[in-house]
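J.: I have a structure I would like to understand better, so I am pasting it below and will then ask my questions one at a time.
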């Protein structure tokens, strides 16, 4: 996966350099897009907006797991975007190792801000590099059938927070005026996760999957 990301970045930089050289003496916006599409303009700057959802594959405890990620952002000249991102873990399996009075599950979510550099290779194809950073929370909580006999303070076995830093490489193709489909891959770096019976790097993982974006940019 590291080799794939490194290769993607190298290809991306090569293509960007070639595009920059070929567009010398032309209007960047008109040549890169061939049309004027934006939510609104501020002087010569085109400002857009988009909202996106991604489903990603990852692993936890050596087993398959999923992530649902949501993004919303403002874009500038279809080159830069800044916005908010949030994601949650899907791992629907009962665990037993830490308790002897029932079963429990792991719940994790994180969110923050991101900055993205977009490269319009054509009117309908975009490569992007983004970096997200923020904070998350994870907890072990008893399954529902074991909560009735417990007070609300006993339902959670353990919980903690962590910081994250996640670079992402993405590719998108436009399938209609405002809808884009794509793929993305990322590596999630986190601060040590201080959760009982759990490796501190449990969420330091590669993940990748499909994206769906709706926007005007």
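The values are calculated or read from the model by the stated rules, or taken from the named source; none is laboratory data. Not measured: the values here are computed from a predicted model. Positions of Cβ are generated from backbone atoms using ideal geometry, with glycine treated the same way; all protein chains shown enter the neighbour counts.
J.: What's the number of the only condition in (1) at pLDDT 95 or above; (2) within 20 Å of residue 89 (Cβ to Cβ); (3) surrounded by 15 or more Cβ atoms within 10 Å (Cβ to Cβ) that residue 116 fails to meet?
T.: With respect to (1) at pLDDT 95 or above; (2) within 20 Å of residue 89 (Cβ to Cβ); (3) surrounded by 15 or more Cβ atoms within 10 Å (Cβ to Cβ), residue 116 is out only on (2).
J.: Shifting gears a bit: Among all residue pairs at least 6 apart or on different chains, which show Cβ distances below 8 Å where the first residue, located in segment 70-94, is in contact (Cβ under 8 Å) with a residue 40 or more places away in the chain and at positive phi and the second is part of a strand (DSSP E or B) and surrounded by 14 or more Cβ atoms within 10 Å (Cβ to Cβ)?
T.: 77/46; 78/46; 78/48; 78/118; 78/120; 78/126
J.: Among the numbered criteria (1) in a strand (DSSP E or B); (2) more than 20 Å from residue 92 (Cα to Cα); (3) modelled with pLDDT of 95 or more, which single criterion is violated by residue 159?
T.: The one condition residue 159 does not meet is (2).
J.: Do we find that residue 203 is surrounded by 19 or more Cβ atoms within 10 Å (Cβ to Cβ) and either free of Cβ contacts under 8 Å to residues at least 12 places away in the same chain or not in a strand (DSSP E or B) (or both) in this structure?
T.: yes
J.: Looking only at residues that are within 19 Å of the chain's Cα centre (by Cα) and more than 30 Å from residue 215 (Cα to Cα) in segment 56-90, which one is surrounded by the fewest Cβ atoms within 10 Å (Cβ to Cβ)?
T.: Filtering segment 56-90 for residues that are within 19 Å of the chain's Cα centre (by Cα) and more than 30 Å from residue 215 (Cα to Cα), the one surrounded by the fewest Cβ atoms within 10 Å (Cβ to Cβ) comes out as 64.
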